[in-house]
1. On a 0 to 90° scale, report how tilted helix 123-140 is relative to the longest principal axis of the chain, with both axes built from alpha carbons and the result rounded to the nearest 10.
2. Extending each Cα 7 Å along its Cβ direction at Ala139 and Val45, get the distance between those two points in nm, one decimal.
3. Considering amide H positions built from the backbone, and no H for Pro or chain starts, which residues 5 or more places from Val79, or on another chain, come under 5 Å of its amide H?
4. Grab the DSSP H runs of the chain that are 4 residues or longer, score each as -39,500 (n - 2.57), total them, divide by all residues and round the 222 nm result to the nearest 500 deg cm²/dmol.
5. Order 12-21, 62-71, 38-47 from most to least packed using the mean count of other Cβ atoms within 10 Å.
6. At q = 0.11, 0.12, 0.15 Å⁻¹, work out log10 I(q)/I(0) for the chain with the Debye formula, treating every Cα as an identical point scatterer and leaving solvent out; two decimals please.
7. Less than 21 Å apart at the alpha-carbon level, and either on another chain or at least 8 residues along: which lysines does that give for Lys108?
8. Would you mind checking which residues have amide H under 5 Å from Thr51's amide H? H placed 1.01 Å from N; only 5 or more apart, or other chain.
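Each reported figure results from applying straightforward, stated rules to the coordinates on display, with no laboratory input. Since the structure is predicted, the reported quantities are computational estimates derived from the model, not experimental observations. Here the Cβ is made from the backbone with ideal geometry for all residues, glycine too, and neighbour counts use every protein chain on show.
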Amino acid sequence: MTYEYVENIEKYLRKVDYIVRKKGREILNDFNMTIPQFTALQIIVNNESLTIGDLSQKMGLACSTITDLIDRMEKTELVIRKRDANDKRVVWIEVLPKGHDILEKVLKKRIEFLNSKLINIEDEDKRALNNLLEKVYEAMGE
């Protein structure tokens, strides 16, 4: 019986993820931003600043791909590269104010979308769902 529950949980998580990602892509289009750019912004902000190599590892992409991505993000003033003071070979990526602003606006729109879909769910159920999702996340070990 437990396996059947887990099977259904996986199915519904996948379906909800698909809907949220689909809406997320629409929101990103409004800001003229790609999914990899949004993902990179989130990762850099959550880590304060990263090197090209660190970002490459976290995104699972080649350094050359990350370099091209950062080139495009620099042109739109989302991030800036900074050379390490002690080792000129090391390049840090920092999010600029415009990048922080867009990230905040995108996340706000995503939350508003989700809130509109959960409008008929009681606060107690939302609290329970929040607690359960938090436990699932912790169990994943991320």
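1. So the helix axis and the longest Cα principal axis differ by about 60 degrees.
2. 2.9
3. Amide H neighbours of Val79: Glu74, Leu96.
4. Numbers: 6 runs with 102 residues, N = 142.
Mean residue ellipticity, 222 nm, calculated: -24000 deg cm²/dmol.
5. Details: 12-21: 11.2, 62-71: 15.0, 38-47: 17.1.
Highest to lowest by the protection proxy: 38-47, 62-71, 12-21.
6. -0.55, -0.64, -0.90
7. Partners found: Lys22, Lys23, Lys98, Lys117, Lys126.
8. The answer is Ile93.
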